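Pasting a structure here, questions to come.
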Amino acid sequence: MESLSSYHLFVSNKCTCCDKILNYLKTEKISIETTNIDEEEYHLPFSLIILPALVKEKKLIGYGCDDIIANLEKN
């Protein structure tokens, strides 16, 4: 499995899909740096329009529940 240390998950409050991804990570015991954009500052070279968003090395690689889970299962 590829190291997930270069991945970063961005979530928001009151987002059912964000909750689903966070529960998935907990259930699967996957540790990824996570930022709640409603509670923490973040700096990316692009705007986050859809959440949750999975970023790797400052590049958006997945957004939404199914897309993020598919990306994580590949690793």
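Can you say whether Lys20 is basic (Lys, Arg) and in a helix (DSSP H, G or I), as far as the supplied structure shows? Before the answer, list the steps.
Working: basic (Lys, Arg): yes; in a helix (DSSP H, G or I): yes.
It is true that Lys20 is basic (Lys, Arg) and in a helix (DSSP H, G or I).
On the basis of being in contact with a helix residue (DSSP H, G or I) (Cβ under 8 Å, 6 or more places away or on another chain) and surrounded by 15 or more Cβ atoms within 10 Å (Cβ to Cβ), does Leu54 make the cut?
Judged against the criteria, Leu54 is a match.
Residues of the range 1-30 being surrounded by 11 or more Cβ atoms within 10 Å (Cβ to Cβ), under 14 Å from Val55 (Cα atoms) and more than 10 Å from the chain's Cα centre (by Cα), which ones?
Leu4, Ser6
Which members of the range 49-60 meet the condition of being without any contact (Cβ under 8 Å) to a residue 12 or more places away in the chain and part of a strand (DSSP E or B)? Even if it seems obvious, please write down each step before you answer.
We begin by selecting, within the range 49-60, every residue without any contact (Cβ under 8 Å) to a residue 12 or more places away in the chain; these are 49, 59.
If the condition is that a residue be without any contact (Cβ under 8 Å) to a residue 12 or more places away in the chain and part of a strand (DSSP E or B), then Lys59 is the only one that fits.
Just wondering, is there one or more residues in the range 33-48 that are in contact with a helix residue (DSSP H, G or I) (Cβ under 7 Å, 6 or more places away or on another chain), surrounded by 11 or more Cβ atoms within 10 Å (Cβ to Cβ), hydrophobic (A, V, I, L, M, F, W, C) and outside any strand (DSSP E or B)?
Within the range 33-48, the first condition is being in contact with a helix residue (DSSP H, G or I) (Cβ under 7 Å, 6 or more places away or on another chain), and the residues that meet it are none.
So far as the range 33-48 goes, no, none of its residues is in contact with a helix residue (DSSP H, G or I) (Cβ under 7 Å, 6 or more places away or on another chain), surrounded by 11 or more Cβ atoms within 10 Å (Cβ to Cβ), hydrophobic (A, V, I, L, M, F, W, C) and outside any strand (DSSP E or B).
Every number in this text was worked out from the coordinates using simple rules, so none of it is lab data. What you see is a predicted model, and the numbers here were worked out from it, not measured in a lab. We place every Cβ from the backbone using ideal geometry, glycine too, and count neighbours over all the protein chains shown.
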